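The values are calculated or read from the model by the stated rules, or taken from the named source; none is laboratory data. Remember, predicted model here, so these are calculated numbers, not experimental data. Positions of Cβ are generated from backbone atoms using ideal geometry, with glycine treated the same way; all protein chains shown enter the neighbour counts. Side chains are part of the model used for accessible areas, which takes the heavy atoms of the whole protein and leaves out ligands, DNA and RNA. Shrake-Rupley method; radii C 1.70, N 1.55, O 1.52, S 1.80 Å.
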Amino acid sequence: MSETSTTAGGSGSAADDVDRSPVSGADVCVVGAGPAGSLVADRLAARGHEVVVLDAGPQFDDSERIERMERAIRPAYDRPDVWDGGGERDAYASTGEQFYPLNQARSKGVGGSTLHWQGMVMRLHEDDFNSGSARGVGPDWPMDYADLRPYYAEAETELGVAGADDNPFAPPREEPYPMPAFPPSYSDSLFAEACEEAEIAMHSVPNARNSESYDGRSQCVGYGTCQPVCPSGAKYDATVHADRAAERGATVVDRAPVQRLDHGPDRIEAAIYATPDGEEHRQEASAFVIAAGGVETPRLLLLSDSEHYPDGLANSSGAVGRYFMDHLFAGAGGVLDEPTRQNHVGFMTSESHQFYDDADEGVGPFKLEFLNYAGPSPVEQALTGDDWGDELLGRLQESYGTNVAVGGLVEQLPRSESYVGLDPDRTDDHGNPVPDVHWSIGDRARRTIERANEVQHEILDALGAEITWTVGPDATGPAYHHMGTTRMGTDPAESVVDASLRTHDLENCWIASSSVFPTGGALNPTLTIAALALKTADHVDESL
Amino acid sequence: MQLTRRDAAAALAALGSGGAVALGARQWQRDSEDPEEADLASDGAVRDAMVAVAEVVYPSEVEGIGEFVEGFLAGRLDREGHGDGLRRAVANLDELGRAWYDDPVAELPPADRDALLRETGADGVDEAPDGSAAERIRYYVVNDLLLALYASPTGGELVGIENPQGHPGGLESYQRGPNG
Ligand SMILES: Cc1cc2nc3c(=O)[nH]c(=O)nc-3n(C[C@H](O)[C@H](O)[C@H](O)COP(=O)(O)OP(=O)(O)OC[C@H]3O[C@@H](n4cnc5c(N)ncnc54)[C@H](O)[C@@H]3O)c2cc1C
Ligand code: SF4
């Protein structure tokens with residue numbers, strides 16, 4: 001959160017006088033300053049390497065976060081407006097069976113999508129690494145939980161995770177969480193009785209959010225607007241590591257979208273990036289780490305096609321952009337005849353992984369979440385409608401107070417018919433074809449949503465709730481986790497990167513992103529992204 | 001229910017004061033000498049209009065409106081972009097008040113204020129900072145006031161939530177049951 005003098009840029013006008021020229025003698029060029037890129041940059045800068053980070057979006061001013069929170073609450077603004085997203089820079093196509101709202105699903109700038117994220121962070125379960133052998137569908141990862149386990153522990157320390165060792169279904173861990181879990185909410189206590197009756201175990205949610213002050217950032221103070229903006233900095237976002245990388249000597253250049261990667265047959269030579277003054281620059285480096293998120297990473301590779309790689313850079317396998325997956329939302333909610341005390345904070349405190357490892361070929365893994373923000377937020381509601389005064393207060397009193405909801409995330413299998421490609425008919429603000437997110441859901445995911453709905457209804461029935469809504473297979477939407485588009489594997493004919501996160505095709509190019517996930521599991525991806533980013537940094541360091 | 005200094009401070013915090021504004025320290029100048037700014041209401045006119053509108057759009061049980069509105073308004077007026085939008089919206093509203101009711105909104109009886117606001121169309125439109133006069137009156141006047149109230153602890157309590165969104169009310173309230 002701190003302002004650093006070595007970070008180039010600012011969210012000011014196009015004509016700012018920031019020096020965005022390339023750094024000579026760079027060891028590493030990182031593309032993207034979300035959590036993946038920022039963690040890699042921080043690690044490698046700490047080990048004494050000369051690191052340059054290029055991000056397409058701005059360096060936001062922390063003092064504007066209160067204003068961004070107001071945008072989050074007010075109806076005049078859409079979600080992408082909160083972090084200045086959308087427009088020509090972020091133009092995209094969505095041509096699949098299922099519409100994909102890409103600009104709701106990411107933010108660009110130093111910090112990346114964690115500026116906007118919710119901040120739930122779990123380790124994948126052991127079977128998630130072996131979906132093919134354990135569940136009979138999808139590929140196995142070329143690594144096991146055990147390989148990632150030390151990196152998970154480090155990632156939890158880096159992000160600052162508040163959690164408790166009370167999840168009987170979670171994979172084994174050695175270290176305690178860096179902070180105690182947030183205590184359960186009042187509404188969790190209502191669910192606890194119902195879940196006991198339904199024989200469903202509840203446990204805490206690990207949150208990348210300070211339950212006490214941590215790493216120089218404040219304890220959560222309860223603004224309740226976590227997603228899309230935490231004004232206090234209690235919710236982790238990747239500006240933490242981008243700023244730290246800068247303090248350690250890395251150069252973080254904002255508003256510097258990489259246009260293409262210049263390369264020979266075996267190596268990337270330079271990242272060609274644009275700057276707000278209309279110039280293009282060439283950043284050379286010994287090693288390149290692409291960390292532009294699960295959509296822009298494959299897009300950049302596809303945009304960098306050449307005589308050596310006519311189908312896109314690092315794409316000898318044809319897998320770049322393929323197997324696009326997200327997690328799907330399944331949920332149900334209703335009302336009780338008593339107060340449920342929602343919307344005090346913007347995060348969840350209890351969940352259940354009880355059904356996760358029942359997954360097989362027919363039904364995938366899913367997790368359940370007990371919402372602390374079911375139903376309308378009174379302040380948001382107050383700003384719409386044609387009433388005011390006593391009439392408005394009456395409406396707010398009537399609609400607030402008794403809602404409950406159980407959400408959940410469901411796994412989607414990798415399928416080649418879901419992909420991120422280039423739209424030949426539309427270009428962005430720099431004349432590059434925009435990403436085409438071609439997305440559909442798949443039968444196993446639909447069945448899993450139905451199964452999740454069954455359990456959700458069972459819980460709500462036990463609670464005595466009147467069920468007023470259900471998000472089932474036909475109403476589902478994405479959780480904004482972009483996975484699979486540069487999958488990891490041992491066979492260069494089938495995958496883009498190997499288990500060291502290096503591309504099979506290029507000896508000096510690594511990818512740090514959920515785009516390398518061969519399968520997605522049903523848990524929020526960013527802790528796994530962070531663990532893989534730390535692993536990537538180790539491999540890059542070894543190579544230098 | 002009584003709005004307190006704490007509520008005004010909370011509204012200031014939630015709406016962003018830019019940090020520079022001390023609560024209650026402002027002089028509310030009523031006249032604008034600058035003819036260039038004829039379409040921008042003066043600080044004092046904004047204050048009077050906002051208090052008058054608050055008396056209509058806030059629930060009748062709310063007390064202490066004048067001090068509360070002054071408390072958060074200074075931060076709004078000083079915020080780049082927002083301040084001028086607010087002055088312009090109030091100037092529009094006062095102009096319509098004079099045209100239709102012979103007086104600026106602050107000098108009208110409450111029933112006429114309510115009628116004036118509805119006749120501008122501000123009740124039926126969605127707020128928009130760069131929109132029509134009605135959309136801007138909704139955004140800068142009506143909704144600024146409603147946002148300040150319902151993001152404050154007292155405003156939240158009226159609805160049953162003492163830590164509403166936008167208010168940094170700590171980590172206790174979400175754990176508390178309805179009976180404390
Ligand atoms: C609303 C929402 C809620 C979420 N909640 C959770 C959650 O609770 N838990 C969880 O685990 N995950 C959550 N996520 C997902 C999480 O935000 C992402 O998994 C994570 O941010 C991905 O990290 P990343 O570094 O790979 O990519 P990003 O964070 O997306 O960062 C990529 C960066 O690359 C930059 N970039 C893109 N293209 C270029 C280019 N050509 N040149 C230079 N820079 C480029 C972008 O500007 C961006 O800053 C949520 C996401 C959203 C949108
Ligand atoms: S509830 Fe906590 S984490 Fe969420 S926005 Fe508020 S301070 Fe930040």
Problem set entry | Amide H within-cut-off set for B:Glu63, under 5 Å, with H built and near neighbours excluded | B:Gln2, B:Leu3
For this session: Enumerate by residue number the GluC sites (Glu not before Pro) in the range B:56-141 meeting two conditions: DSSP loop (anything except H, G, I, E, B), and at most 12 other Cβ atoms within 10 Å of the site's Cβ.
Result: B:Glu61, B:Glu80
Exercise. For the range A:123-203, which GluC sites (Glu not before Pro) are in a loop by DSSP, counting at most 11 other Cβ atoms within 10 Å?
Worked result: A:Glu174, A:Glu199
For this session: Starting from the residue with the highest accessible area, list A:Arg446, A:Arg244 in decreasing order, probe 1.4 Å.
Result: A:Arg446, A:Arg244
Exercise. So what is the calculated 222 nm ellipticity per residue for chain B, using -39500 (n - 2.57) for each DSSP H run with n of 4 or more, over all residues, to the nearest 500 deg cm²/dmol?
Worked result: -15000 deg cm²/dmol
Exercise. Between B:Ala8, B:Ala115, B:Gly83, whose Cα lies farthest towards the positive end of the dipole of the range B:5-175 when Lys and Arg beta carbons carry +1 and Asp and Glu beta carbons carry -1, centred on the Cα centre?
Worked result: B:Ala8
Problem set entry | Residues of the range B:5-175: accessible area per residue with a 1.4 Å probe, Å² | 39
Exercise. How large is the helix-only mean residue ellipticity at 222 nm for chain A, computed as the sum of -39500 (n - 2.57) over DSSP H runs with n ≥ 4, divided by its residue count, in deg cm²/dmol to the nearest 500?
Worked result: -7000 deg cm²/dmol
For this session: Identify, among A:Leu301, A:Gly224, A:Ala91, the residue whose Cα sits farthest towards the positive end of the charge dipole of chain A, taking +1 on the Cβ of Lys and Arg and -1 on the Cβ of Asp and Glu, with the dipole about the Cα centre.
Result: A:Leu301
Exercise. Excluding ligands and nucleic acids, what accessible area in Å² is computed for A:Thr526 using a 1.4 Å probe, to the nearest 10?
Worked result: 20
Exercise. When the dipole is taken about the Cα centre of chain A, and only Lys, Arg (+1) and Asp, Glu (-1) are charged at their Cβ, what size is it in debye, to the nearest 20?
Worked result: 420
Exercise. With +1 on each Lys and Arg Cβ and -1 on each Asp and Glu Cβ, how big is the dipole of chain B about its Cα centre, in debye rounded to the nearest 20?
Worked result: 680
Exercise. Out of A:Ile441, A:Gln104, A:Asn207, whose Cα points farthest toward the positive end of the dipole of the protein assembly as shown (charges: +1 Lys, Arg; -1 Asp, Glu; placed on Cβ)?
Worked result: A:Asn207
For this session: Could you tell me how many degrees, from 0 to 90 and to the nearest 10, lie between the Cα long axis of helix B:5-15 and the main elongation axis, the longest principal axis, of the Cα atoms of chain B?
Result: 70
